[in-house]
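A quick write-up on the structure given underneath.
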Amino acid sequence: MNAAEVRVIAVLGAGQMGAGIAQVAAAQGFRVTLSDVSVERASAGRDKILKSLDRLVDKGKVEREVRDTVARNLEPLGFDEAVGPADLVIEAAPENLALKLDLFGRAEALAKPEAVFASNTSSISITRLAAHTKRAERFFGMHFFNPVPLMKLVELVRGVATSAETMELGRALATRLDKLVIASEDRPGFLVNRMLLPLLNEACFALQEGVGSAEDIDQGARLGLNHPMGPLELADFVGLDTVLAIADVLQREFGDDKYRPAMLLKNLVAAGFLGKKTGRGFYRYDAQGQRVLPGAGS
Ligand SMILES: NC(=O)c1ccc[n+]([C@@H]2O[C@H](COP(=O)([O-])OP(=O)(O)OC[C@H]3O[C@@H](n4cnc5c(N)ncnc54)[C@H](O)[C@@H]3O)[C@@H](O)[C@H]2O)c1
């Protein structure tokens, strides 16, 4: 299979990343089958995408034609119906090895023999996921960034068995999705999260030790390091469950305690305060995902 032959893309997981990937692929004319734990969840993911596009159309930031193309090409389905016709399966389920292995095991049994598999994992070994299928040479990491429609980068990850043709297909597909590519060998956290996670985690340690307030930590990174977002607001944006899962992978796989997650991070996740997606993390957010400033409201 080469990139020009890819017509149907199955996206597994309709959360922040899956929805973003589905939107971008549908906008570029691919037929996208979107699945989640239920058809209802997949449909909710599609509704959210279209609502956000409607708002952008109203503001004149997106052409109505683009919104209608996405609506036409994007179909919420059950797992079996989504995977069956796919030329490419992109998995964007939670950052959990057992869950991803299960999904790829089920997808292997249903997918066309020539279909290519990709995972949007932030940190988990592509080689390990690929080895769970019978198509390890046609399996690669396609790591998008959040929010997918706005972030230009795709990090392509080569598993030990990934073929050169598959990497070429990944590169061509990313280009068709109007993205720019970097390539990484298969190491925990690949390139970007290996750099990012120590920063986010260190910001959690600084906050937990009372070195400074959350606002000052973030302001320090914005104005002192010229980062567009501070590390704590970025962690909230990524999802604290995902940040913790990546830190766990880095610590376990490298066997290095420098990656040990801060207790504050673990506690927030245990409390269900996962950041923007649940309305509370280091900061609080309203139903539209806007930051609620301290002292505002109740
Ligand atoms: N959030 C980020 O900034 C970011 C960036 C790049 C990559 N990622 C990676 O993308 C993946 C998804 O992250 P996210 O931020 O979209 O998480 P999310 O929590 O927003 O979405 C996960 C979705 O997967 C669904 N799901 C759960 N179990 C499932 C199953 N068995 N089958 C199908 N769907 C299932 C959930 O219902 C949810 O809709 C993770 O591997 C994460 O590491 C995240």
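The values are calculated or read from the model by the stated rules, or taken from the named source; none is laboratory data. Bear in mind that the values here come from a model prediction, so they are computed numbers and not experimental data. No Cβ is skipped: glycine too gets one built from the backbone with ideal geometry, and neighbour counts run over all protein chains shown.
Count of segment 142-166 residues, restricted to those that are of a type in the set (A, V, I, L, M), more than 14 Å from the ligand (Cβ to nearest atom) and assigned to a loop (DSSP other than H, G, I, E, B), is 2.
The set of residues in segment 76-114 being farther than 22 Å from Ala19 by Cβ and in a loop (DSSP other than H, G, I, E, B) consists of Lys112, Pro113, Glu114. The set of residues from segment 194-204 being surrounded by 15 or more Cβ atoms within 10 Å (Cβ to Cβ), among the hydrophobic types (A, V, I, L, M, F, W, C) and more than 25 Å from Leu293 (Cβ to Cβ) comprises Leu196, Leu197.
The single residue among Leu77, Leu103 that is within 11 Å of the ligand (Cβ to nearest atom), modelled with pLDDT of 95 or more and within 21 Å of the chain's Cα centre (by Cα) turns out to be Leu103.
Cβ separations smaller than 6 Å between residues 6+ apart or across chains give the following pairs from segment 69-87 residues that are touching a residue at least 12 places away in the same chain (Cβ under 8 Å) to residues that are among the charged types (D, E, K, R): Asn73/Arg31; Leu74/Arg46; Pro76/Arg46; Asp87/Arg7. Can you find a residue that is surrounded by 22 or more Cβ atoms within 10 Å (Cβ to Cβ) and either in a strand (DSSP E or B) or away from the ligand (no atom under 16 Å from the Cβ) (or both) anywhere in segment 167-189? Yes: one or more hits. Identification of helices (runs of 4 or more DSSP H) wholly contained in segment 201-298 with 1 or more residues that are out of contact with any Lys or Arg (no Cβ under 6 Å at 6 or more places or on another chain) and more than 15 Å from the ligand (Cβ to nearest atom) yields 214-219, 240-254, 263-270. Only a single item in (1) more than 8 Å from the ligand (Cβ to nearest atom); (2) touching a residue at least 12 places away in the same chain (Cβ under 8 Å); (3) polar (S, T, N, Q) is not met by Ser52, and it is number (2).
Residues in segment 75-101 that are surrounded by 16 or more Cβ atoms within 10 Å (Cβ to Cβ), within 14 Å of Val39 (Cβ to Cβ) and out of contact with any Leu (no Cβ under 6 Å at 6 or more places or on another chain): Glu75, Leu77, Phe79, Ala82.
The lone criterion from (1) in contact with a Lys or Arg (Cβ under 6 Å, 6 or more places away or on another chain); (2) surrounded by fewer than 20 Cβ atoms within 10 Å (Cβ to Cβ) left unmet by Val116 is number (2).
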